Amino acid sequence: MSGDARVIRIGILGSGKGSNCAAILDACAAGKIAGKVVLVLSDVADAFILERARQKGIEARFIGPSQFKTKLEPEREEQVARQLTEAGVELVVLAGYMRVVKAPLLRAFPGRIINIHPSLLPSFPGLRAWEQALRYGVRITGVTVHFVDEGVDSGPIILQSAVPVFPNDTPESLHARIQVTEHQLYPEAVRLFAAGKLRVAGRTVKVLE
Ligand code: GRF
């Protein structure tokens, strides 16, 4: 990347251990992504994703308590949108964020929110997709990075990668294998977005390279 290349400002939302966040931070630090993570937010006060970000000197904040489990109150989500906007964020990356994104955030960042899901969508949307895959008995599952719309794991697909399911897999072993692929695919999708290489036409995302 050349020194005067434009660098986009990235905000990350997560609820858990933040290994995808770490992969994106590393790719930015290595100059693989023309982007900079400026803010990490979590709906879980003691989520390790916040700790990871702070260790790298990145501003990291707890969103605040919420009465719901699967979404934020509209006022709370407005606050999240405001914090991201005030930080100058241009791309919102959901990295293990366990709530459904609603209108306040979608309106503030149209076409600028992406998510990673641990299956080959549209198979196995929703929670614990690797367990769903094991229960169903598929031989191949995978990873999907997609734009976020008002549905659950339903937006236009940016990248997908397959992961094999082995006969002796446990939920833990399969999820661990899926995560190895996630840590390659998510930084690559963010790189493409930051480089202006993604064009959305209806449900289809064209990658310009
Ligand atoms: C990943 O498997 C991701 O696909 C799913 O939640 C998990 C988050 O893991 N949405 P981490 O917090 O990034 O380690």
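The values are calculated or read from the model by the stated rules, or taken from the named source; none is laboratory data. Everything numeric in this text was worked out from a predicted model, so none of it was measured. Backbone-built Cβ (ideal geometry, glycine too); neighbour counts: all protein chains shown. What goes into the accessible areas is simple: the full protein's heavy atoms, side chains included, and nothing from ligands, DNA or RNA. Shrake-Rupley method; radii C 1.70, N 1.55, O 1.52, S 1.80 Å.
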Item to check | Candidate residues Leu159, Leu50: accessible-area rank, largest first, probe 1.4 Å | outcome: Leu159, Leu50
Next on the checklist: Only Cα pairs within less than 10 Å get springs; with that Gaussian network setup on the chain, which residue of Pro187, Pro122, Pro156 has the largest fluctuation?
Outcome noted: Pro122
Checklist entry - Most mobile of Leu25, Leu72, Leu134 per a Gaussian network model of the chain (Cα springs, under 10 Å)? => result Leu134
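Which sequence of Tyr136, Tyr186 reflects their accessible areas, 1.4 Å probe, from the largest down?
Result, largest first: Tyr136, Tyr186.
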Checklist outcome for this item: Charge dipole of segment 35-85 built from unit charges on the beta carbon (Lys, Arg +1; Asp, Glu -1), centred at mean Cα; most positive-end Cα among Val44, Gln79, Ala60 is Ala60
Item to check | Relative contact order %, segment 7-87, counting alpha carbon pairs below 8 Å whose residues are six or more apart | outcome: 28
Checklist outcome for this item: One would report the antiparallel percent of DSSP beta bridges in the chain, rounded to the nearest 5, as 45
Item to check | Contact order relative to length of the chain, as percent, for alpha carbon pairs under 8 angstrom and 6 or more apart | outcome: 19
Next on the checklist: Tell me which DSSP H helices of the chain clear both cut-offs, 20 Å or more of axial length from alpha-carbon atoms and a mean Kyte-Doolittle hydropathy of at least 0.5.
Outcome noted: none
Checklist entry - When the chain is treated as a GNM, springs tying every alpha-carbon pair under 10 Å, which of Lys32, Lys71, Lys56 comes out with the largest mean-square fluctuation? => result Lys56
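To the nearest 20 debye, what is the magnitude of the charge dipole of the chain about its Cα centre, counting +1 on the Cβ of each Lys and Arg and -1 on the Cβ of each Asp and Glu?
280
Taking a ≥ b ≥ c as the square roots of the Cα gyration tensor eigenvalues, with a/c under 1.5 meaning rounded and otherwise prolate when a/b beats b/c, else oblate, which class fits the chain? Let's see the in-between values first.
Numbers: a/c = 1.43, a/b = 1.22, b/c = 1.17.
Rounded is the answer for the chain, as its axis ratio a/c remains below 1.5.
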Checklist outcome for this item: Beyond 20 Å (Cα-Cα) in this structure, taken from Lys69/Lys102; Lys17/Lys69; Lys102/Lys206, we find Lys102/Lys206
Item to check | Net +/- balance of residues flanking Gly155 in space, Cβ distance below 13 Å, scoring K and R +1, D and E -1 | outcome: -1
Next on the checklist: So with the 1.4 Å probe, I'd like the accessible area per residue for the chain, rounded to whole Å².
Outcome noted: 49
Item to check | For segment 94-116 and segment 166-209, distance of Cα centres in Å | outcome: 17
Checklist entry - Counting only protein heavy atoms and using a 1.4 Å probe, what share of the accessible area of the chain belongs to carbon plus sulfur, as a whole percent? => result 54
Checklist entry - About its Cα centre, how strong a charge dipole does segment 104-209 have in debye, to the nearest 20, once Lys and Arg get +1 and Asp and Glu get -1 at the Cβ? => result 320
